[in-house]
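Asks: Dropping the structure in here first, questions after.
The values are calculated or read from the model by the stated rules, or taken from the named source; none is laboratory data. Here the structure is a predicted model, which is why all the values come from computation and not from measurement. When we count neighbours, we look across all protein chains shown, and the Cβ atoms used for this are built from the backbone with ideal geometry, even at glycine. The protein model used for the area step is the full one, side chains on, heavy atoms only, and it has no ligands, DNA or RNA in it. Shrake-Rupley method; radii C 1.70, N 1.55, O 1.52, S 1.80 Å.
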Amino acid sequence: MLRKLRMGQIKGAIGIILFCAAVGIWMLCDTGLSCITALMGAKPLPAEAELADMVGKYVSWEVLYPVDEYMETTKTTKINGVSTGTKKDRSSWLVLDEERGICLSVEVPYKRYDEMADQAEVFYDAMEQDQELLETGVKIAGTLEVLEGEELDYYKRVAKQMGLDPDTVVYHIGDGRIHGQSLSNVYGITAIGSVFFLFAVLVLIWTIKDSPQKQIRKYLEANPAVTMEALESDFAAADRQGSVFIGRRWTFSAKLDPLILDNSQVIWVHTASQQSRYGLTYYVLWEMLDGSTRKVVLSSEKKCKALVDGYSGFSHIVTGSNPEYSYLLRSDREAFLDLKYRTLSK
C-alpha cells in the first residue's frame, strides 16, 4: 500500500517539478548572469582603456559631445493581436569621444531624447562661439558592444553626412541594456525564473516530507480504533480507478489531501469541469457529511465518470451529476441526506 501510494504521489508531483525547474533554469540561464552584473554595477570606461578589451562588459560613460541622432526605433503595443498604437522606444546617436579621438554609437530610451538633444545643442553653441567645451554630460550605462547590421549602415550614413570618417570598428553602448536586454527585463525574467525554480524546490521538499507513511500515521493517531492492518486489507481489495483506490471502508489516493477518505462520511460523488484558456479541466468531487468537499483532477471526462461509477455499490452515497442534487444540497441539506445517506444507519 505505502509503495503504491508513494509512487502515485511522486508521479503526481514529478511533472510540475520538472516543468517549473526547467522553466526556472532556462530563465535564470538567460538573464541570471546579467542580473548579477547589473547588481554589481557598471564599471567606468576610463580614457586609457582599450575598447576592444571592454567589449561585452557592463560600463558607464558620460556623453559630452552628441553629434546627431542617426536612428529611432518604435514599439507597437498589441492586445489580443490587435495593434493599439505605436510609440517611439529608443533613440540612437553618433557621439564624439574626444579622449580617444573616435566616434561612438550611443542608444538611449526615448524618454532621454531631450537630454541628448539639449546636450548636443549646448555642444554646438560652444563650438560656434569658440567657448570652453563641456565638462559634464549625459551619464549612461550599458554593455559595450560592436555595432553591426542595419544600425551600422544608418550610423555610417549620418557620419558621412556630418563629414566624419567612420572607424572600421564602431563601438556601441545601449543605455539601460545588458547584452541587448533592458534592465527591467533582466530583473523581471530573473525574478520569475527564481520563483519557478523555488516553487519546484518547495514542491520537491513537500513531496519528500509529506510522505504517505507520515499521513497514514497521522490518520491512525486521529482514529485510534483503526489499525494499519485494517487499512492494508481494505487497500488490497480496493477497486482501482487510475490513481484512486476505492475500498469498502476507505478511498485511497495520493491526489487526495489527506490521502485517506472515510467512505462512511461521503454523501455524494459527482463530476465537474472548468473551462480555461488551455481547455477543460475535469474533476471528481466528494461531498462530505461535515460540509467539506474533496476533489481530484483527472485527464478526461471518461475517467471521471468511471471513478464516480465505482461508488454505485454504496447504498448511502448519491452518485452522478444531476443538477437537482446540487440544488437540493444547497437549499435543503436534510432532504438531501434523506435521499440515501440515512440508509447507512437503518
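Asks: Taking region 175-185 as the search range and keeping residues that are in a strand (DSSP E or B) and open to solvent by 40 Å² or more (accessible area, probe 1.4 Å), which one is modelled with the highest pLDDT?
Replies: Here the residue is Arg177.
Asks: Under the condition of being under 28 Å from the mean Cα position of the chain (by Cα) and not hydrophobic (A, V, I, L, M, F, W, C), which residue from region 259-280 is surrounded by the fewest Cβ atoms within 10 Å (Cβ to Cβ)?
Replies: Here the residue is Arg277.
Asks: Quick one: which strands (runs of 3 or more DSSP E) sit completely within region 33-130 and have at least 1 residues that are closer than 25 Å to Gly188 by Cα, in contact (Cβ under 8 Å) with a residue 60 or more places away in the chain and among the aromatic types (Phe, Trp, Tyr)?
Replies: Filter on region 33-130 gives 58-63.
Asks: Working only within region 235-253, note down all residues that are under 20 Å from Glu301 (Cα atoms) and either part of a loop (DSSP other than H, G, I, E, B) or aromatic (Phe, Trp, Tyr) (or both).
Replies: Gly242, Ser243, Phe245
Asks: Is it the case that region 300-311 has a residue that's closer than 23 Å to Ile246 by Cα, exposed (fewer than 12 other Cβ atoms within 10 Å of the Cβ) and among the basic types (Lys, Arg)?
Replies: Yes, region 300-311 has at least one match.
Asks: Can I ask one more? Kindly indicate which of Asp125, Asp114, Asp118, Asp53 is closer than 21 Å to Thr143 by Cβ and out of contact with any Phe, Trp or Tyr (no Cβ under 7 Å at 6 or more places or on another chain).
Replies: None of the other options fit; the residue is Asp53.
Asks: Please verify whether region 168-180 includes one or more residues that are out of contact with any helix residue (DSSP H, G or I) (no Cβ under 6 Å at 6 or more places or on another chain), of a type in the set (Asp, Glu) and free of Cβ contacts under 8 Å to residues at least 60 places away in the same chain.
Replies: No, that holds for no residue.
Asks: Restricting attention to region 12-32, which residues are open to solvent by 40 Å² or more (accessible area, probe 1.4 Å) and either free of Cβ contacts under 8 Å to residues at least 24 places away in the same chain or over 19 Å from Glu145 (Cα atoms) (or both)?
Replies: The answer is Gly12, Ile14, Gly15, Ile16, Leu18, Phe19, Ala22, Ile25, Trp26, Leu28, Cys29.
This table checks each residue for (1) out of contact with any helix residue (DSSP H, G or I) (no Cβ under 9 Å at 6 or more places or on another chain); (2) within 27 Å of Val55 (Cβ to Cβ).
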| position | (1), (2) |
| --- | --- |
| Glu115 | yes, yes |
| Phe123 | yes, yes |
| Met127 | yes, no |
| Asp130 | yes, no |
| Lys139 | yes, yes |
| Thr143 | no, yes |
| Gly149 | yes, yes |
| Tyr155 | yes, yes |
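Asks: Among the residues of region 236-253, which ones are within 13 Å of Arg294 (Cβ to Cβ) and either in contact (Cβ under 8 Å) with a residue 60 or more places away in the chain or of a type in the set (Gly, Ala, Ser) (or both)?
Replies: Selection gives Val244, Phe252, Ser253.
Per-residue answers, yes or no, for (1) within 22 Å of Leu45 (Cα to Cα); (2) assigned to a helix (DSSP H, G or I); (3) open to solvent by 70 Å² or more (accessible area, probe 1.4 Å); (4) not β-branched (Val, Ile, Thr):
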site: Glu145; (1), (2), (3), (4): yes, no, no, yes
site: Val158; (1), (2), (3), (4): no, yes, no, no
site: Leu164; (1), (2), (3), (4): no, no, no, yes
site: Asp167; (1), (2), (3), (4): yes, no, no, yes
site: Ile173; (1), (2), (3), (4): yes, no, no, no
site: Tyr187; (1), (2), (3), (4): no, yes, yes, yes
site: Gly193; (1), (2), (3), (4): no, yes, no, yes
site: Phe197; (1), (2), (3), (4): no, yes, yes, yes
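Asks: While we're on this one: Determine whether region 212-234 contains at least one residue that is outside any helix (DSSP H, G or I), open to solvent by less than 20 Å² (accessible area, probe 1.4 Å) and hydrophobic (A, V, I, L, M, F, W, C).
Replies: no
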